[in-house]
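Chemist: Got a structure for you, questions after.
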Amino acid sequence: MLEVLLSAALVSLLSLSLIQGGVYLQRESKRAEQSLLVLQHMENYLEYARIMTITGSASDSQWQGLEDLGFEMALSSSHKVSSLRVQGTKLEITASWINPWGQSESAALSTWVAFH
């Protein structure tokens, strides 16, 4: 009888561990999915800002349509002269979002657009 109770307790503990592991994997999978989505939008926005800078058009400082996706993105640009005396514009995009664990995350991408 004791063996049956011990076996049932062991099976219960293993089942609980499997459930916790499954929940952890689901959250990490969602976190990776969110990160990839943010990175894709950041890359698209960076390319848009580069084109707008090269053509001399005004670019929006906020990427539209992100409110529904649960993250924010912003663009900053500054005119600079490199150490080689090349004029250009430094573009930086920052993004922030809340991951499935409820923690705040952020990322930044930057590039340099040189003018001759």
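The values are calculated or read from the model by the stated rules, or taken from the named source; none is laboratory data. As the structure is a prediction and not an experimental result, all values here were calculated from the model. In this analysis, Cβ positions are derived from the backbone assuming ideal geometry, glycine residues included, and neighbour counts consider all displayed protein chains. When the accessible area is computed, the model is the full protein with side chains, heavy atoms only, and any ligands, DNA or RNA have been set aside. Shrake-Rupley method; radii C 1.70, N 1.55, O 1.52, S 1.80 Å.
Chemist: In nm, give the distance between the simple-model label positions of LEU5 and TRP101, each being 7 Å from the Cα along the Cα-to-Cβ direction.
Modeler: 3.9
Chemist: Would you mind working out the accessible area per residue for the range 1-114, using a 1.4 Å probe, and quoting it in Å²?
Modeler: Working: 8190 Å² over 114 residues.
With all protein chains present, the range 1-114 gives 72 Å² per residue.
Chemist: FRET efficiency for THR94 and VAL23, Cβ-Cβ distance as r, R0 = 41 Å, nearest 0.05?
Modeler: Working: r = 31 Å, r/R0 = 0.74.
With R0 = 41 Å, the Cβ-Cβ based efficiency is 0.85.
Chemist: Roughly what angle does helix 2-55 make with the longest principal axis of the chain, taking Cα atoms, 0 to 90 degrees, to the nearest 10?
Modeler: Around 10 degrees separate the two axes.
Chemist: If you don't mind, another one. Can you give the charge dipole size of the range 1-114 about its Cα centre, rounded to the nearest 20 debye, using +1 on the beta carbon of Lys and Arg and -1 on the beta carbon of Asp and Glu? Don't jump to the answer; show the numbers that get you there.
Modeler: On the way: 7 positive and 11 negative charges, 96 e Å.
It comes to approximately 460 debye.
Chemist: Label points 7 Å out from Cα along the Cβ direction at ARG31 and LYS80: separation in nm?
Modeler: A separation of 3.1 nm, rounded to one decimal place.
Chemist: In whole percent, and with a 1.4 Å probe on the protein chains, what portion of the accessible area of the chain is carbon and sulfur?
Modeler: Working: 4900 of 8490 Å².
Of the solvent-accessible surface of the chain, carbon and sulfur hold 58 percent.
Chemist: Which one, VAL23, SER83, SER104, projects farthest toward the positive side of the charge dipole computed for the chain from Cβ point charges (K/R +1, D/E -1)?
Modeler: So the residue we want is SER83.
Chemist: Only Cα pairs under 8 Å and at least 6 apart count here; give the relative contact order of the chain as a rounded whole percent. Walk me through the numbers before you get to the answer.
Modeler: Values: 131 pairs, mean separation 24.7, N = 116.
The value is 21 percent.
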